[in-house]
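Notes for the one structure printed next.
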């Protein structure tokens, strides 16, 4: 594929151009970064919804159902589905498409699976880039489905306009719900598989927890759904739209996006700085030697750090 | 190549046996590849659409139902129609010896039958990948 026209083809909603550009960004391709630099001013039209929750809570199926509901309104939808990369082999099995097969042939749905590639927090570093590409591709809505999360992988909140937390009945006692992290980032709660016993109890636990929050002008709604049975999906979408409306009406959307972009900039700076430092530290095996000295207790980790930092300070 | 190879593993046709496909998926993962697993009963159209959206280097299909002579070449043809010319297409499953030459001619780059060591598949992919 010619790189020359990839930019033009992306803006014409060409699926292959969109797919290739996401890959290029995933692989830190300078040409792709230049294209985004060039087109960034056109982004910001897509509404980004993060979908998170524990493994097996039904995130993919729910994403499929919400996408179908949006397609009835003729909205164009992008889906970024993240699954974990093995820290040992660097490989990954990305299996979220299994639950979204009906969407594969819809010309106004674009699904992309991504491995975390060493990034913690439930998403991939390249997710930031993929969101921009799908935005330029013309999506009205972008769903980011995180890896199945535990208790503190909350990076999705730094990327999404609205965060949907998917819970299921009987996932532990109510103390789980008041631990820090997961509960604090949700804008909308879905209790999926709500035909199972315990859905009402889970709802009460979440609501009680929300009661303890400081009084704010927005209270996250809790919706009982069944993705599998396609039950209450429209109601859930309505609640997501209400949060969107709230953000727009109160001018908070801009605030959230500025906050998220700030995180993204810091992320990029950190990455670049770390690369510069580590490239220098790996020259002449400086890092290996320091590690050995520290292991022999001839040096301490803090002094080793100072030596590595001093490598770039000299420049 | 300093990026992971991306492989779509798909089960076209109607048979419900995906043990082999899962074993391959797992082995490719352990070899450092990103495997997009699409599950059972995929139509050639779905496989092609997923391959394009996922921008894969390899499409690996497994069939045990006997529909390989129809479905494998159809995927090759549809990919070509979409202008995709840089994807390595592989087939596997219960494929009679006499069907293999025809499938290779149709554009499937290799057919792996039961008993093939997974290392052989991995080596083949690494050696034959089209997009560097």
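Counting Cβ atoms of other protein chains within 10 Å of each Cβ in A:19-31 and taking the mean gives 3. Computed over every Cα-Cα pair of chain B and binned at 5 Å starting from 0, the pair-distance distribution P(r) comes out as 2, 11, 24, 26, 23, 11, 2, 0 percent.
Relative contact order for chain A using alpha-carbon pairs under 8 Å, separation at least 6, rounded to a whole percent?
Numbers: 482 pairs, mean separation 54.0, N = 315.
With pairs under 8 Å counted, the relative contact order is 17 percent.
Comparing A:238, A:207, A:298 in a Gaussian network model of chain A (Cα springs below 10 Å), the most mobile by mean-square fluctuation is A:298.
Considering only Cα atoms, the convex hull volume of the stretch A:263-313 works out to 77 Å³ per residue. Where in the stretch A:100-144 is the amide nitrogen less than 15 Å from a point lying 7 Å along the Cα-to-Cβ axis of residue A:43? Of the residues in the stretch A:100-144, A:124-144 have backbone N under 15 Å from the label point off residue A:43.
Between the stretch B:71-96 and the stretch A:243-309, the C-alpha centres lie 43 angstrom from each other.
Label 7 Å along Cα→Cβ of residue A:33; the stretch A:259-299 residues with amide nitrogen under 19 Å? Within reach of a label on residue A:33, which here means backbone N under 19 Å from a point 7 Å along Cα→Cβ, the stretch A:259-299 contributes A:261-281.
Using only the Cα atoms of the stretch B:65-132, build the gyration tensor, take square roots of its eigenvalues as a ≥ b ≥ c, and label the shape rounded, prolate or oblate: rounded if a/c is under 1.5, else prolate if a/b is larger than b/c, else oblate. It is oblate, given that a/c is not under 1.5 and a/b is not larger than b/c.
Using Cα springs under 10 Å in a Gaussian network model of chain A, which residue among A:123, A:98, A:22 shows the largest mean-square fluctuation? Taking springs between Cα atoms under 10 Å, the residue moving most is A:98.
Would you mind computing the Rg to Rh ratio of the stretch A:1-41 from its alpha-carbon coordinates, Kirkwood style for Rh?
That ratio is 0.92, to two decimals.
From the C-alpha gyration tensor of the stretch A:75-136, pull out the three semi-axes of the equivalent ellipsoid (sqrt of 5λ each), sorted largest to smallest, in whole Å.
Over the Cα atoms of the stretch A:75-136, the semi-axes work out to 23, 15, 7 Å.
Relative contact order of the stretch A:182-315: 18 percent, from C-alpha pairs under 8 Å at least 6 residues apart in sequence. For chain A, the share of DSSP beta bridges that are antiparallel, to the nearest 5, is 5%. Per residue of chain B, what 222 nm ellipticity follows from adding -39500 (n - 2.57) for every DSSP H run with n ≥ 4, rounded to the nearest 500? Result for chain B, helices only: -12500 deg cm²/dmol. Classified by the C-alpha gyration tensor, chain A has an oblate form. Its axis ratio a/c, with a ≥ b ≥ c, is 1.5 or above, and a/b does not exceed b/c. Look at the Cα gyration tensor of the stretch A:230-315: its axes a ≥ b ≥ c give a/c of at least 1.5 with a/b over b/c, and that counts as prolate. Report summary: the helix-based calculation at 222 nm, which adds -39500 (n - 2.57) for every DSSP H run with n ≥ 4 and divides by the residues of chain A, gives -14500 deg cm²/dmol.
Values in this text are rule-based calculations from the coordinates and carry no lab data. Here the structure is a predicted model, which means the values were calculated and not measured. Because the Cβ atoms are built from the backbone with ideal geometry, glycine has one as well, and the counts that use them run over all protein chains shown.
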